[in-house]
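Colleague: Dumping the structure here so I can ask a few things about it.
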Amino acid sequence: MAKPAEILPGTLDMLILKAVSLDPLHGYGVLLRIRQISREAIDIPQGSLYPALYRLEHQGLIAAEWGQSENNRKAKYYKLTAAGRRRLREETAGWKRLTSAIDAALNTSSLEES
């Protein structure tokens, strides 16, 4: 099995926003969802996740409410706010522009092609 990819600085928030945009999730569920949607390529350490969830909640990008987890434990569930949806759209568009530019640069084999 391939080694999990390391995430670039600034991408954790975007990945969390994407994960909770799909449906409300508790903290550990966010980790599992990111792993799932990245096809097992990204594994977020719990020590990085919880401070990011706190930060996103205080920025008003996600909202939290207490609920019951699958194993009947009290858990904080996170969902995307309207501001979070806007931020996710902006971040996604920025990443698509960047990855397109990097792809173009990496696929250029001579100066005549540009």
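The values are calculated or read from the model by the stated rules, or taken from the named source; none is laboratory data. What you are looking at is a predicted structure, and each value in this text was computed from that prediction instead of being measured. Methodologically, a virtual Cβ is constructed for each residue, glycine included, from the backbone with ideal geometry; neighbour enumeration extends over all protein chains shown.
Colleague: Is it true that some residue in the range 23-30 is under 19 Å from residue 89 (Cα atoms) and out of contact with any helix residue (DSSP H, G or I) (no Cβ under 6 Å at 6 or more places or on another chain)?
Modeller: Within the range 23-30 (the criterion being under 19 Å from residue 89 (Cα atoms) and out of contact with any helix residue (DSSP H, G or I) (no Cβ under 6 Å at 6 or more places or on another chain)), the answer is yes, since at least one residue qualifies.
Colleague: Related question: Of all residues in the range 55-77, which are of a type in the set (Lys, Arg), surrounded by 12 or more Cβ atoms within 10 Å (Cβ to Cβ) and not in a helix (DSSP H, G or I)? I'd like the intermediate steps shown before the answer.
Modeller: Initial filter on the range 55-77 (of a type in the set (Lys, Arg)): 55, 73-74, 76.
Subsequent filtering for residues that are surrounded by 12 or more Cβ atoms within 10 Å (Cβ to Cβ) retains 55, 76.
The answer is 76, and nothing else.
Colleague: Of all residues in the range 22-81, how many are of a type in the set (Val, Ile, Thr), at pLDDT 95 or above and within 15 Å of residue 12 (Cβ to Cβ)?
Modeller: Residues meeting the conditions: 4.
Colleague: Another question, then. Residues being part of a strand (DSSP E or B) and in contact (Cβ under 8 Å) with a residue 60 or more places away in the chain: count how many of those fall in the range 79-104.
Modeller: Count: 1.
Colleague: Can you tell me which residues in the range 30-54 are without any contact (Cβ under 8 Å) to a residue 40 or more places away in the chain and either in contact with a strand residue (DSSP E or B) (Cβ under 7 Å, 6 or more places away or on another chain) or surrounded by 18 or more Cβ atoms within 10 Å (Cβ to Cβ) (or both)?
Modeller: Once the filter is applied, which keeps residues that are without any contact (Cβ under 8 Å) to a residue 40 or more places away in the chain and either in contact with a strand residue (DSSP E or B) (Cβ under 7 Å, 6 or more places away or on another chain) or surrounded by 18 or more Cβ atoms within 10 Å (Cβ to Cβ) (or both), the range 30-54 yields 31, 33, 34, 35, 41, 42, 44, 49, 53.
Colleague: When you check residue 97 against the structure, is it exposed (fewer than 12 other Cβ atoms within 10 Å of the Cβ) and over 13 Å from the mean Cα position of the chain (by Cα), yes or no?
Modeller: yes
Colleague: Another one. Based on what the data block shows, is residue 109 of a type in the set (Gly, Ala, Ser) and in a loop (DSSP other than H, G, I, E, B)? Please lay out each step first, then the result.
Modeller: Numbers: of a type in the set (Gly, Ala, Ser): yes; in a loop (DSSP other than H, G, I, E, B): yes.
Yes: the conditions hold for residue 109.
Colleague: Give me the residue from the range 73-94 that is among the aliphatic types (A, V, I, L, M) and under 23 Å from residue 51 (Cα atoms) and, out of that set, farthest from the chain's Cα centre (by Cα).
Modeller: Taking the candidates together, the pick is 75.
Colleague: Now for a separate question. Inspect all residues belonging to the range 3-19 and state whether any of them is modelled with pLDDT of 95 or more, small (Gly, Ala, Ser), in a helix (DSSP H, G or I) and in contact with a strand residue (DSSP E or B) (Cβ under 8 Å, 6 or more places away or on another chain).
Modeller: Yes - at least one qualifying residue is present in the range 3-19.
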